[in-house]
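The structure appears right after this line, and notes come after that.
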Amino acid sequence: LAKKESFKPCAKCNQNFEFLNNLDKQTKKKLEQKNINISSKYYVCKNCLSSVIHEAYSTPLEKKIKIQMDLRKQKLWIYRMNYLKKAQEYGIRKNIQEAVKNYQTYLKILEDYYEIPMLDFEPSFFVSMKDKNELNVISTVYFELVKLLDNVKDRDDLFETYLEKFILFVPHSKKGRVLSENYKKYSYSKYCVHKSELIEGLKKLKKHYGNSLGGGCYIATVVFNDYNSYEVLLLRRFRDLYLKKYFLGRIFINLYYKISVYCLKFLKYKILNKIIKKLLLILINNIKKR
Ligand SMILES: [Zn+2]
């Protein structure tokens, strides 16, 4: 069942609906030519859509043009899946450049289909039932692009753009929780390059998904390169079985999480990394003795 707050009023009949429909620029223009007033976010329900289309394209010639436009859009919509398939294949073959290119073509098609520039994409624009399903695809594409560009040099601007979009879109996707879990795993894995940026993003996702996404030992994970390494597991167990029992322990944990995100930036300096690793190993040896 859909949540009540996801219902929005139709601009024409004013009744609340879970799904609404966008009007394309051409239709809006036609309506304006016919002196029918519409706002920039003129979303209508399924029932009103056909009457609005009928008002906009009233002559036979206009109707014919409308049909041709719809056909072109339908084609675009089908082609977009081909690009996604190609992108995935290139991704598997580690051809990063081609994979990125094909995912970007998918986004370009959306740009054309919805008539909005990619940089302006936001979840609130996707209002119809078809659009809501597309939110899953869009979120997945942004995640794939983030992972691909994470390993490409000198494309930090693009990487950051797609990361921002991913964080913006993923809470609106039905697969959001699964995607966020995968995102977390990737952020803590040894393949991850832009660690501090990705973990900063994870903090934002936690606002939506709560602490089930949390619990990571940031610094230890970076130093030992893997969220599931033996050392990190041992430290996590030490935290849960020992530190959490004591008041001072809990204060320490809270401070540790607050500070560690800011410290991550410095861990790219190898010497610092080595010193922290040594200190953690001393701690780990002490835990083992207990
Ligand atoms: Zn309506």
Given the options 260, 180, 40, state which has the largest fluctuation in a GNM of the chain using a 10 Å cut-off (strictly under) for Cα springs. 40
Sort 250, 290 by Cβ crowding within 10 Å, fewest neighbours at the top. 290, 250
Which residue, 22, 14, 102, tops the fluctuation ranking in a GNM of the chain built on C-alpha contacts under 10 Å? 14
So the compactness index of the chain, its C-alpha Rg divided by 2.2 N^0.38 Å, takes the value 1.30
In terms of the alpha carbon gyration tensor, root eigenvalues a ≥ b ≥ c, rounded if a/c is under 1.5 and otherwise prolate when a/b exceeds b/c or oblate, segment 111-262 is prolate
Exposure proxy check on 167, 96: fewest-to-most Cβ neighbours within 10 Å is 96, 167
Show me, bin by bin at 10 Å from 0, the whole-percent P(r) of segment 1-97 based on Cα pairs. 13, 32, 26, 19, 10, 1
Angle check, please: helix 46-56 long axis (alpha carbons) against the longest principal axis of the chain (alpha carbons), in degrees 0 to 90, nearest 10. 50
Between the DSSP loop rule and a limit of at most 16 other Cβ atoms within 10 Å, which chymotrypsin sites (Phe, Trp or Tyr not before Pro) in segment 109-203 are left? 191
Can you pull out the trypsin sites (Lys or Arg not before Pro) in segment 11-96 that DSSP calls coil and that have at most 14 other Cβ atoms within 10 Å? 34, 41, 93, 94
Evaluate the Debye formula for segment 142-189 with equal point scatterers sitting on the alpha carbons, no solvent, and hand back log10 of I(q)/I(0) at q = 0.27 Å⁻¹, in q order, two decimals. -1.03
Paired Rg and Dmax values of segment 107-185, which use every Cα atom, in angstrom: 12.4, 38
Give me the aspartates and glutamates in straight-line cross-link reach of residue 12: C-alpha distance below 17 Å, same-chain residues under 8 apart excluded. 24, 32, 55
How far is helix 247-263 tilted, in degrees, relative to the longest principal axis of the Cα atoms in the chain, given as a value from 0 to 90 rounded to the nearest 10? 60
Value of Rg/Rh across segment 105-151 [Cα atoms, Kirkwood radius]: 0.98
Over the chain, the sum of -39500 (n - 2.57) across DSSP H runs of at least four, divided by residue number and rounded to 500 deg cm²/dmol, gives at 222 nm -22000 deg cm²/dmol
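Which chymotrypsin sites (Phe, Trp or Tyr not before Pro) in segment 1-104 pass both tests, a DSSP loop state and at most 13 other beta-carbon atoms within 10 Å?
7
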For 120, 150, 112, ascending order of other Cβ atoms within 10 Å (fewest first) is 120, 112, 150
If one compares the long axis through the Cα atoms of helix 156-169 with the longest principal axis of the Cα atoms of the chain, the angle in degrees, nearest 10, works out at 70
With r defined as the distance between the Cβ atoms of residue 40 and residue 181 and R0 fixed at 45 Å, what FRET efficiency is calculated, to the nearest 0.05? 0.80
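Every read-out reported here was derived from the displayed coordinates using simple, explicitly stated rules and does not represent laboratory data. Everything numeric here is computed off the predicted structure, so don't read it as measured data. Counting neighbours? That spans all protein chains shown, and the Cβs are built from the backbone with ideal geometry, glycine included.
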